[in-house]
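First up is the structure itself, then whatever we jot down about it.
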Amino acid sequence: KNNRTTLEGIEKSYGVPREVLVAIFRLETNLGSNLGQYRVFNSLLTLTVIVNRRSLWAGQELIDLLTLCKNNRTNPLSIKGSASGAFGLCQFMPSSYLTFGADGNGDGMVDLFDFSDAMASTANYLKSHGWHSKSRERQFRAILAYNHCENYAKAVLSYSKQLKLA
């Protein structure tokens, strides 16, 4: 309720319902109460040096983290997030930040720990991955691009439906 105006504006701009954005925010970080305790730099470096199928991916994410930190003049060791390197209110990977990060509050910067920026970035991500208000299948696929777990996508859609009814 405190962010209704912000969410309505983002919904109008991107076509993604505010209930979906809140559902993702709830599932990713419990409405911001669990942002992760790991240094994203350390998480990605560890995933890079442990040779497995994710090494190349993690190495590119580490480069993207350093790029976004350089662009924002941020200490790469200051960003905390998940053990897999996701960070912010809706848990973006560095590459997703660089590609889909959106300035929701108009201050000229994208800060995924800021509610407006995080919601605008999430909406931008979903829209860029084919979100369509009249196609449940396209909505499901857009959410699946965000998190590759079918149960996650089902949970987002179910939770958002409950929010809309409330």
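Report summary: the helix-based calculation at 222 nm, which adds -39500 (n - 2.57) for every DSSP H run with n ≥ 4 and divides by the residues of the chain, gives -18500 deg cm²/dmol.
Could you give the alpha-carbon Rg of the chain over 2.2 N^0.38 Å, rounded to two decimals? Spell out each step's value before the answer.
Details: Rg = 15.6 Å, N = 166, 2.2 N^0.38 = 15.3 Å.
In units of the globular-protein estimate, the chain measures up at 1.02.
Measuring nothing but protein heavy atoms, the accessible surface of region 16-148 at 1.4 Å probe radius is 51 percent carbon and sulfur. Region 144-166 and region 112-132 have Cα centres separated by 15 Å.
Using a probe radius of 1.4 Å on heavy atoms only, what accessible surface per residue do you get for the chain? Whole Å² is fine. Kindly include the intermediate steps, with their values, before the conclusion.
On the way: 9240 Å² over 166 residues.
Per-residue accessible area for the chain comes out at 56 Å².
Relative to the Cα centre, the charge distribution of the chain, modelled as +1 at Lys and Arg Cβ and -1 at Asp and Glu Cβ, gives a dipole magnitude of about 460 debye.
Only Cα pairs under 8 Å and 6+ residues apart enter the sum, and on that basis the relative contact order of region 1-72 stands at 15 percent.
For Gly130, neighbours were defined as the other residues whose beta-carbon sits under 15 Å from its Cβ, and their charges (Lys and Arg +1, Asp and Glu -1) total +4. With contacts taken as Cα pairs under 8 Å at a separation of at least 6 residues, the chain carries a relative contact order of 24 percent.
Label point of Lys12 set 7 angstrom out along Cα-Cβ; within region 118-141, amide nitrogens under 18 Å from it belong to 119-121, 123-124.
Over region 126-166, what is the relative contact order in whole percent, taking alpha-carbon pairs under 8 Å and six or more residues apart?
Values: 27 pairs, mean separation 11.1, N = 41.
Normalised by residue count, the contact order of region 126-166 is 27 percent.
Rg/Rh for region 57-122: what does it come to with C-alpha atoms and Rh from Kirkwood?
Details: Rg = 10.9 Å, Rh = 11.7 Å.
Expressed as Rg/Rh, it is 0.93.
The values are calculated or read from the model by the stated rules, or taken from the named source; none is laboratory data. Computed from a predicted model, the values in this text were never measured in an experiment. Note that each Cβ is placed from the backbone with ideal geometry, even for glycine, and that neighbours are counted across all protein chains shown. Please note that ligands, DNA and RNA were not included when accessible areas were found on the heavy atoms of the full protein model with its side chains. Shrake-Rupley method; radii C 1.70, N 1.55, O 1.52, S 1.80 Å.
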